[in-house]
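So the structure is just underneath, and the comments pick up after that.
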Amino acid sequence: MTVAELWTYTATTARTVDLRGFKGEALDGSIGKVDEATNEAGGSFIVVDTGPWIFGKKVMLPAGVIRDLDLDTETVFVNRTKDQIKNAPEFDEKEYRDEGYRDELGRYYGPGGAGYSDRS
């Protein structure tokens, strides 16, 4: 997976649907609700509010980790476990749009990173 692929939706529907409010589902269970979603070319991501699961923490997930969508149940399925998401670099409300933060997330979620998964 290249850097551009990591930050690009693979589910074509995700590019045309507003994902805000959708439920987030990891490989092993619920992770919360999508608080924000972008459609930036080569820089798309979702921000999930984990609610009580990680004590109100938010997490940013590159668009490339989304493996599927269910429009009927408004659910985003991601190709990562809850632990991989929980152990990701801390979400920073002030820095999350900065290139340095995205690079850090890319190293974590991309090939060779602790948060990498090739399961679908």
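The values are calculated or read from the model by the stated rules, or taken from the named source; none is laboratory data. Being a predicted model, the structure only gives us computed values, none of them experimental. Virtual Cβ from ideal backbone geometry, glycine too; neighbours counted across all protein chains shown. Heads up: the accessible areas ignore ligands, DNA and RNA and are worked out on the full protein's heavy atoms, side chains in. Shrake-Rupley method; radii C 1.70, N 1.55, O 1.52, S 1.80 Å.
Here are the numbers for this structure:
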quantity: Any chance Val76 is out of contact with any helix residue (DSSP H, G or I) (no Cβ under 6 Å at 6 or more places or on another chain), surrounded by 15 or more Cβ atoms within 10 Å (Cβ to Cβ), among the aliphatic types (A, V, I, L, M) and more than 20 Å from Tyr101 (Cα to Cα); calculated: yes
quantity: Which listed residue is without any contact (Cβ under 8 Å) to a residue 12 or more places away in the chain and closer than 17 Å to Tyr116 by Cβ, from Asp72, Asp98, Asp103, Asp92; calculated: Asp103
quantity: Selected residue (criterion: modelled with the lowest pLDDT) from residues of segment 10-26 that are touching a Leu at 6+ places or on another chain (Cβ under 9 Å) and buried (at least 19 other Cβ atoms within 10 Å of the Cβ); calculated: Ala14
quantity: Selection count, segment 27-45, where residues are at negative phi, open to solvent by 20 Å² or more (accessible area, probe 1.4 Å) and not in a strand (DSSP E or B); calculated: 5
quantity: Conditions (1) within 19 Å of Asp92 (Cα to Cα); (2) out of contact with any strand residue (DSSP E or B) (no Cβ under 8 Å at 6 or more places or on another chain): number failed by Thr50; calculated: (2)
quantity: Candidate set: segment 46-58, residues that are assigned to a strand (DSSP E or B) and open to solvent by 30 Å² or more (accessible area, probe 1.4 Å); chosen: the one nearest to Pro111 (Cα to Cα); calculated: Lys58
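Matching residues to (1) surrounded by 13 or more Cβ atoms within 10 Å (Cβ to Cβ); (2) not in a strand (DSSP E or B):
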| position | (1), (2) |
| --- | --- |
| Met60 | yes, no |
| Leu69 | yes, no |
| Ile85 | yes, yes |
| Ala88 | yes, yes |
| Phe91 | yes, yes |
| Tyr96 | yes, yes |
| Tyr101 | yes, yes |
| Gly106 | yes, yes |
| Gly112 | no, yes |
